[in-house]
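Participant: Below: one structure in structure tokens.
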Amino acid sequence: MAFTHHNGERPSPAQCYNKLNAAGDALYVIGGKWRLRIIIALSEGHKRFNEIQRAMNGISARVLSNELKELEINGFVTRKVYTDFPVSIEYELTPYSDTLSPVIESLINWGEMHRQRIMHAEKAEEQTATALAEIL
């Protein structure tokens, strides 16, 4: 059953409620501007805090710290402390984070498709405006 009723019967109120709860749970854990981006940045391997921050254009240290804590609490990231001098901390993805691969791939594919659609629409609008300007 699809989540919309465009191609078939509508979901029951109970099914709709369950889907809303499931989507809400997922968005609570991975939602926001940065969490999936952090996971993608860590997909190359373990990284120190500053390496993650450099890979993530525009994120503040405070926000990155909070997001890493949330990802750690939810089991997507582990934090390893090395007590050598100087002390260093590295973050890496857990095997559980692999469960997000289909979600991330779908979002990337949709984002690429949407960007092309928007760019195509803008190009068509520009061509229409140019044609109108030539007529007038």
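Read-outs throughout are calculated quantities, based only on the coordinates presented, and are distinct from any laboratory measurement. Predicted model, so just to flag it, every value in this text is computed and none were measured. When we count neighbours, we look across all protein chains shown, and the Cβ atoms used for this are built from the backbone with ideal geometry, even at glycine.
Participant: Based on the Cβ-Cβ distance of Thr78 and Leu20, what FRET efficiency does E = 1/(1 + (r/R0)^6) give at R0 = 30 Å, to the nearest 0.05? If you can, show how the numbers build up before the last one.
Facilitator: Details: r = 31 Å, r/R0 = 1.04.
It comes out at approximately 0.45.
Participant: Among 60-66, 12-18, how do they line up from the highest to the lowest mean number of other beta-carbon atoms within 10 Å?
Facilitator: 60-66, 12-18
Participant: Kindly count the pairs of lysines across the chain whose alpha carbons are less than 24 Å apart, treating pairs on different chains or eight or more residues apart as eligible.
Facilitator: Lysine pair count for the chain: 6.
Participant: Could you compute the FRET efficiency for Asn109 and Ala133, with r as their C-beta to C-beta distance and R0 at 35 Å, rounded to 0.05?
Facilitator: The formula returns an efficiency of 0.45 here.
Participant: Put a dot 7 Å past each Cα toward the Cβ at Ala124 and Thr99; how far apart are the dots in nm?
Facilitator: That separation, rounded to one decimal, is 4.1 nm.
Participant: If I stretch the segment between Tyr28 and Glu9 completely, what's the gain in nm (0.36 nm per residue apart, minus their alpha carbon distance), one decimal?
Facilitator: Separation in residues times 0.36 nm, less the Cα-Cα distance, equals 4.0 nm.
Participant: On to the next question. If you work out Rg and Dmax of the Cα atoms in Å from the coordinates, which of (1) 21.3, 74; (2) 27.7, 124; (3) 16.0, 58 do you get?
Facilitator: Calculated Rg and Dmax of the Cα atoms in Å: the matching label is (1).
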